[in-house]
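Data first, discussion second: the structure below is written as structure tokens.
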Amino acid sequence: MVSFALLSDSYSRKSVTVLGHLFQRNVVLGVSGGIAAYKSAELIRQLKTRGADVRVVMTRGAREFITPLTLQALSGHPVHADLLDPEAELGMGHIELARWADLLLVAPATADLLARLAQGRADDLLTTVALACPAPLMLAPAMNQQMWRNTATQDNLQRLQARGVHMVGPAAGEQACGDVGPGRMEDPAIIAAAAASLFESGELAGRRVVITAGPTREALDPVRYISNHSSGRMGYALARAAAEAGARTTLISGPVDLHTPEGVERVDVVSAEDMLEASLSRLTDCDIFIACAAVADYRPADVAGDKIKKNEERMTLELVRNPDIVAAVSAHPQRPFTVGFAAETRDLLSYARDKLERKGLDMIVANDVSAEGIGFNSQENAVTVLWDGAEEALPRSGKQQIARDIITRLARRYRETVT
Ligand code: CTP
């Protein structure tokens, strides 16, 4: 947890407490040539701790202060240094790098770099990436206090801020040159928190959500399984909506034919037992658990080692009950806010309320799968959300809209429960 304040679009160390993350965010870290460049090593660590994937661009000056090898080892990617390097352009070229970034963060940003950015120059790789980058730009200035106070620097700063560039720091204090005053690069932890705060929006900002989705497959033999018709669409739509609402979202997915929503971590599983194990193993890092998967209630008692041959006219399969994943989560000592689904063909609300109580859930989403055009394998849905003594019907609409509506209700109820 780090504290900093938002002061006319610049960040410093007071008042606002933010628990931000950069989960699945791509950060291009620009390092320019100042003595504070050595702090970039710690900054990479801070950004990665918050979940970011970091790629480093160094100016020629920066390479005099810290070696690319250090920053390569910490970021886990080759460092980008030259605009006209054919080998680097073969890997991830400068335009690709600019497009890859969700954030371009320059720390330290020297007086010279501020001037070049203010002028919109493209005379090295970092300034070129900055011009080509549609993502937000955040600068952590670092320079001698007199250079910082200089009207030329302050003019550049104002021009950049007027264009929507975010500033973090500088901090005041003793400087490497012996002066005392403003110009020290802000603390890496504060810079990382400020970077994360740019993505902190939405009703589930900073929350960790785990969602099960899709069917499970229960093997009969090496080539056959028992499963169901769940497409996984509702769970995937919920994961997208949770990520849009600012949650760090993990999908534990049975076999489906869907693309992973942007910004969502996906864990693929096959059977109910795999799904249970994956779900329980994430409870240390989970605020809200949503069980949307259509888990097979039974699995074959024995899985044949070889393909079963059709020797008999009739065959009988012995099945055993699968574990109830959502009930296991809600009964767990590290219980998150737990949400289930009830897919029913009759007595929708009474069955749903029964499941809410029996499985110890905080909320349940009731879904009439017998109605034409909604539910399993369809594009639309209409649901009723039930919780302790209350319910709300959400009108029929596309699954993505229903997912957003569910997330809004869920976030509201979650806030009421935890506060
Ligand atoms: N669920 C689960 N693990 C299971 C079965 C169900 O986590 N083994 C979850 C589902 O993801 C859903 C909720 O429990 O959130 C209700 O699922 P549903 O199939 O409607 O209920 P069941 O408990 O299987 O009861 P029944 O089939 O008797 O209606």
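The values are calculated or read from the model by the stated rules, or taken from the named source; none is laboratory data. No experiment lies behind these values; they were computed from the predicted model shown. Here the Cβ is made from the backbone with ideal geometry for all residues, glycine too, and neighbour counts use every protein chain on show. Accessible surface is based on the protein model in full, side chains and every heavy atom, while ligands, DNA and RNA are left aside. Shrake-Rupley method; radii C 1.70, N 1.55, O 1.52, S 1.80 Å.
All other residues with a Cβ under 13 Å from the Cβ of residue 323 taken together, and with Lys, Arg as +1 and Asp, Glu as -1, what is their net charge?
Summing Lys and Arg as +1 and Asp and Glu as -1 gives -3.
A simple count of charges around residue 255, restricted to other residues whose Cβ falls under 13 Å of its Cβ and scoring Lys, Arg +1 and Asp, Glu -1, yields -2. Scanning residues 5 or more positions from residue 167 or on other chains, those with amide H under 5 Å from its amide H are 11, 139, with H placed 1.01 Å from N in the peptide plane. Here the 3J(HN,Hα) profile of the stretch 171-181, calculated from phi with Karplus coefficients 6.51, -1.76 and 1.60 at θ = phi - 60°, is 8, 9, x, 6, 10, 4, 7, x, 5, 10, x Hz, Gly and Pro shown as x.
Surface composition of the stretch 208-418: carbon and sulfur make up 45 percent of the accessible area, probe 1.4 Å. The relative contact order of the chain comes to 11 percent, based on Cα pairs under 8 Å that sit 6 or more residues apart.
Backbone amide hydrogens, once placed in the peptide plane, bring residue 207 within less than 5 Å of 248, excluding anything fewer than 5 places away on its chain. Rolled with a 1.4 Å probe across the full set of protein chains, the surface gives residue 298 an accessible area near 100 Å². Listed values for the stretch 359-369 are Karplus-derived 3J(HN,Hα) couplings in whole Hz (6.51 cos²θ - 1.76 cosθ + 1.60, θ = phi - 60°), namely 8, x, 8, 8, 7, 9, 10, 9, 9, 7, 7, and x replaces Gly and Pro. Solvent-accessible area per residue in the chain equals 48 Å², computed with a 1.4 angstrom probe and all protein chains kept.
Accessible area per residue (1.4 Å probe, heavy atoms of protein chains only) ranks 310, 39 as 310, 39, with the largest value leading.
The residues 127, 408, sorted by heavy-atom accessible surface at 1.4 Å with ligands and nucleic acids left out, run 408, 127 from largest to smallest.
Computed from phi, the 3J(HN,Hα) profile of the stretch 200-217 under the Karplus parametrisation 6.51, -1.76, 1.60 (θ = phi - 60°) reads 7, 9, x, 6, 10, 3, x, 7, 10, 10, 10, 10, 8, 8, x, x, 10, 10 Hz, with x in place of Gly and Pro. DSSP assigns beta bridges within the stretch 208-418; of those with both partners inside it, close to 40 percent run antiparallel. Once all protein chains are placed together, residue 69 keeps about 120 Å² accessible to a 1.4 angstrom probe.
GNM remark for the chain: springs join alpha carbons under 10 Å apart, and the peak mean-square fluctuation among 265, 380, 312 falls on 312. The order of 399, 355 by accessible area, most exposed first and with a 1.4 Å probe, is 355, 399. Mind telling me which of 342, 73, 36 comes out most flexible in a GNM of the chain, alpha-carbon contacts under 10 Å? Of 342, 73, 36, the Gaussian network model singles out 73 as fluctuating most. Averaging Cα coordinates gives a centre for the stretch 404-419 and one for the stretch 346-366; these two points are 17 Å apart.
Each DSSP beta bridge with both residues in the chain is either parallel or antiparallel, and the antiparallel ones are about 40%. Separation of the stretch 269-310 and the stretch 233-249, taken as the distance between their Cα centroids, equals 21 angstrom.
Within the listed set 346, 55, 45, the residue fluctuating most in the Gaussian network model of the chain (springs between alpha-carbon atoms under 10 angstrom) is 346. Restriction of the trypsin sites (Lys or Arg not before Pro) in the stretch 74-172 to DSSP coil positions whose beta-carbon has at most 15 other beta-carbons within 10 angstrom yields 121, 163.
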